[in-house]
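Asks: Got a structure for you, written out below as structure tokens; questions coming shortly.
The values are calculated or read from the model by the stated rules, or taken from the named source; none is laboratory data. Computed from a predicted model, the values in this text were never measured in an experiment. Cβ coordinates were reconstructed from backbone atoms using ideal geometry, including for glycine residues, and neighbour counts include every protein chain displayed.
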Amino acid sequence: MTLWWARRDLRLHDNPALLEAQADSPAAMVFPWGPALHFWSGRRRAHLARVLWSLREDSGGALAVRRGPAAELLLAAAQESDARVVWAQREFSPAGVREQDEVKAALEADGRELRFVGSPYAVAPGRVVKGDGSPYQVFTPFSHAWREHGWRAPAAAADVEALRPLDSDVSLDQEAAHGDAEDPLEARHEFRETQILDDLRAFVEGDLARYKDERDRPDLDSTSHLSVPLAYGQVHPRTILAATEKVRHDAARTFESEVAWREFHADVLHHHPRGQKESLTPALPDDAWTTGREADESFGAWRRGETGFPLVDAGMRQLAATGQMHNRVRMVVASFLVKDLHLPWQRGADHFRKALLDYDHSQNQLNWQWVAGTGRDAAPFFRIFNPETQAAKFDPDRRYVRRWIPELDTPGYPMPMVDHKAEREVSLAHMKRGKGASKG
Ligand SMILES: Cc1cc2nc3c(=O)[nH]c(=O)nc-3n(C[C@H](O)[C@H](O)[C@H](O)COP(=O)(O)OP(=O)(O)OC[C@H]3O[C@@H](n4cnc5c(N)ncnc54)[C@H](O)[C@@H]3O)c2cc1C
């Protein structure tokens, strides 16, 4: 027998690691419910439980979910099923790399092997490089080289009949109940792999045509919503690109370029792992940040959606209520935290880590750095979003803000907590000082 280590690739279709595991012998499937999950929000853990539940259903009950560190569990499962080889998708995030090194060492010490095939990307990080072999620092040339490099066609679906079940010790029903789901698991379809593929098809045939014009409109909410299934690997970007490539419309190219941003951020973090915590291109001097009690109070108002700026508050309330937020609104709330409240991007990124259903380490950290003006190819620091003009432009009928702020336009809604124009000047002054310091 062989083992498939289920990681961020929780699907049966287009899954090369699972196919390899099945190539020469029957395969068993194991997902380690590791200690790192304790740091996830209840909602995110519950969503993972639903995704695993649906994969177990679709695999005829074959998926084993076991509690414990990956290295220990996979070694035990390999011994129990007499598997000499464990197949897995390669991860590129610093935590994913650390984990796979531990699993590899544990298996090899017992005369077994960990083999990798595939990655969560159309083109694995590190593959697209400049002529001289160095990594790209700027998105546009990266995206051209990425397209030129190209990717494989989607792989075949796994053979469910040839899977062999192992026992589980995690109750997915119990874990799924931590979130906001009131219905029993069986009643929920939106997280099923087949449903996600149907939704992708419907998006490509429907909203995709308007993507270029509407992608920035939180009130219309017509983007693909694929980031959540992508974060758990329920769909591979290759499958998405195979569907959009057939569409001749310009909007499909704009959409593919957003998928390329996902690949670019993963590539940047792969080459610069310190970017998960540190600014890659510091824009401000170290003393620019608000600290102490004032910082905690500002952060609290931002987190609760009580800043008095409707677009910021609607976004933060949507996040708290659903674990999701539209991309345009993410940019506005992030800019507000860094450039109006003068709090470091890492603090906001950490809050998103706990709250976002589609949390993805490289995407989150580097999008925060993009907004903060500290990334490799970031928006320049002086590009400071004005939360009011952004709202007027992208939520012109105020439908989005009204949906999330019932007390809007009543005395119960707070006054703006800062004067945006004044705080903008403060940020720009910090930036100029920062430049002076780096020249000096
Ligand atoms: C501060 C901040 C934090 C973010 N954190 C995350 C995160 O943790 N996880 C995450 O998946 N995305 C993150 N994003 C990117 C983006 O907001 C989401 O991917 C997008 O909102 C998902 O909605 P969608 O699937 O409908 O996107 P669509 O507009 O339909 O785009 C299709 C796909 O392209 C990719 N994509 C789109 N925009 C971006 C982008 N700016 N950067 C990278 N990839 C993109 C996503 O995979 C997305 O699913 C963040 C953005 C910001 C500004």
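Asks: Buried (at least 16 other Cβ atoms within 10 Å of the Cβ) and away from the ligand (no atom under 12 Å from the Cβ): is that true of residue 274 in this structure? Working first, answer last.
Replies: Details: buried (at least 16 other Cβ atoms within 10 Å of the Cβ): no; away from the ligand (no atom under 12 Å from the Cβ): yes.
No; evaluated as a whole, the condition is false for this residue.
Asks: Considering only residues that are in a loop (DSSP other than H, G, I, E, B) and over 26 Å from residue 46 (Cβ atoms), look in the stretch 319-365 and name the one that is farthest from the ligand (Cβ to nearest atom). Walk me through how you get there before you give the answer.
Replies: Pass one, the stretch 319-365, residues in a loop (DSSP other than H, G, I, E, B): 323-326, 341-344, 356-360.
With the extra rule that they be over 26 Å from residue 46 (Cβ atoms), the set shrinks to 341-344.
Values: 341: 15, 342: 17, 343: 13, 344: 13 Å.
My answer is 342.
Asks: With respect to residue 281, is the statement that it is of a type in the set (S, T, N, Q), surrounded by fewer than 18 Cβ atoms within 10 Å (Cβ to Cβ), part of a helix (DSSP H, G or I) and out of contact with any His (no Cβ under 9 Å at 6 or more places or on another chain) true? Steps first, answer last, please.
Replies: Working: of a type in the set (S, T, N, Q): yes; surrounded by fewer than 18 Cβ atoms within 10 Å (Cβ to Cβ): yes; part of a helix (DSSP H, G or I): no; out of contact with any His (no Cβ under 9 Å at 6 or more places or on another chain): yes.
So residue 281 fails the test.
Asks: In the stretch 14-61, what residues are part of a strand (DSSP E or B) and either modelled with pLDDT under 90 or not aromatic (Phe, Trp, Tyr) (or both)? First the steps, then the outcome.
Replies: If we filter the stretch 14-61 for residues that are part of a strand (DSSP E or B), which is where we start, we get 27-33.
Result: 27, 28, 29, 30, 32.
Asks: With 77, 23, 36, 70 as the choices, which residue is surrounded by 23 or more Cβ atoms within 10 Å (Cβ to Cβ) and of a type in the set (A, V, I, L, M, F, W, C)? Please lay out each step first, then the result.
Replies: Numbers: 77 fails: surrounded by 23 or more Cβ atoms within 10 Å (Cβ to Cβ); 23 fails: surrounded by 23 or more Cβ atoms within 10 Å (Cβ to Cβ); 36 fails: surrounded by 23 or more Cβ atoms within 10 Å (Cβ to Cβ).
Testing whether each residue is surrounded by 23 or more Cβ atoms within 10 Å (Cβ to Cβ) and of a type in the set (A, V, I, L, M, F, W, C) leaves just 70.
Asks: Let me ask something else. What is the residue count in the stretch 389-425 for residues that are surrounded by fewer than 16 Cβ atoms within 10 Å (Cβ to Cβ) and assigned to a helix (DSSP H, G or I)? So that I can check it myself, show each step before the final result.
Replies: Filtering the stretch 389-425 for residues surrounded by fewer than 16 Cβ atoms within 10 Å (Cβ to Cβ) gives 389, 392-393, 396-397, 399, 402, 406-416, 419, 421-422, 425.
From the residues that got through so far, the ones that are assigned to a helix (DSSP H, G or I) too are 389, 392-393, 399, 402, 421-422, 425.
So the answer is 8.
Asks: Something else about it: Inside the stretch 212-238, can you point out the residues that are among the hydroxyl-bearing types (Ser, Thr, Tyr) and surrounded by fewer than 19 Cβ atoms within 10 Å (Cβ to Cβ)?
Replies: Looking only at the stretch 212-238, we keep the residues that are among the hydroxyl-bearing types (Ser, Thr, Tyr), and these are 222-224, 227, 232.
Passing the criteria: 222, 227.
Asks: Given the conditions (1) surrounded by 21 or more Cβ atoms within 10 Å (Cβ to Cβ); (2) not in a helix (DSSP H, G or I), report the number of the one that residue 103 does not fulfil.
Replies: Unmet for residue 103, out of (1) surrounded by 21 or more Cβ atoms within 10 Å (Cβ to Cβ); (2) not in a helix (DSSP H, G or I): (2).
Asks: Within the stretch 116-132, can one find any residue that is surrounded by 17 or more Cβ atoms within 10 Å (Cβ to Cβ), in contact with a helix residue (DSSP H, G or I) (Cβ under 6 Å, 6 or more places away or on another chain) and among the hydroxyl-bearing types (Ser, Thr, Tyr)?
Replies: Looking through the stretch 116-132, at least one residue is surrounded by 17 or more Cβ atoms within 10 Å (Cβ to Cβ), in contact with a helix residue (DSSP H, G or I) (Cβ under 6 Å, 6 or more places away or on another chain) and among the hydroxyl-bearing types (Ser, Thr, Tyr).
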